[in-house]
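Engineer: One structure follows; several queries about it will come next.
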């Protein structure tokens with residue numbers, strides 16, 4: 001890969017990588033850091049990565065960096081005493097997008113990532129398997145389980161409206 005091809009990859013994929021990571025983490029600063037780390041890793045392996053496979057490399061690297069961050073954060077959970085006694089939020093929602101967003105955020109990290117890649121970014125099962133390092137069958141299982149959970153979480157439209 002040449003420096004020109006690297007620059008084209010940055011222009012072509014930085015926004016979609018950022019959206020993917022941001023949808024999963026919901027933290028602007030961390031999403032930016034992960035994208036910067038991803039492109040830094042690509043720069044370090046400029047000679048090894050083919051320009052034809054740069055998209056797959058970028059999403060795979062961003063995915064693994066994001067998963068590492070999520071695992072690290074799970075170990076460093078800090079409880080805010082102010083939130084210990086908060087009441088539950090209302091069960092009535094008027095915005096389906098808000099309900100869906102909340103449901104997606106409740107998914108386990110692997111399921112959330114594959115659903116985002118499939119439904120938000122439009123990748124095929126095979127591409128998702130390459131990005132995540134999972135088998136294609138496991139990708140399908142995660143997507144199925146995530147969709148079952150989302151359907152159950154959302155429930156009937158009467159609850160939403």
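Engineer: What number does the stretch 3-75 give for Rg over Rh if you use C-alpha atoms and the Kirkwood radius?
Structural biologist: Using Cα coordinates only, the ratio equals 0.98.
Engineer: First measure r as the distance between the Cβ atoms of residue 2 and residue 105, then evaluate 1/(1 + (r/R0)^6) with R0 = 35 Å and state the FRET efficiency to the nearest 0.05.
Structural biologist: Calculated transfer efficiency: 0.30.
Engineer: Right, another one. If I model a spin label as a point 7 Å beyond the Cα along the Cα-Cβ vector, how far apart are those points for residue 151 and residue 11 in nm?
Structural biologist: 4.4
Engineer: Suppose the chain between residue 29 and residue 144 were pulled fully straight at 0.36 nm per residue; how much longer would it get relative to their current alpha carbon spacing?
Structural biologist: Taking residue 29 through residue 144 to full extension adds about 38.3 nm, to one decimal.
Engineer: On to the next question. If you average the C-alpha positions of the stretch 125-145 and of the stretch 1-63 separately, how far apart do those two centres end up, in angstrom?
Structural biologist: Value for the Cα centre distance between the two parts: 20 Å.
Every read-out reported here was derived from the displayed coordinates using simple, explicitly stated rules and does not represent laboratory data. Predicted, not measured: the structure shown is a model, and the values here were computed from it. Methodologically, a virtual Cβ is constructed for each residue, glycine included, from the backbone with ideal geometry; neighbour enumeration extends over all protein chains shown.
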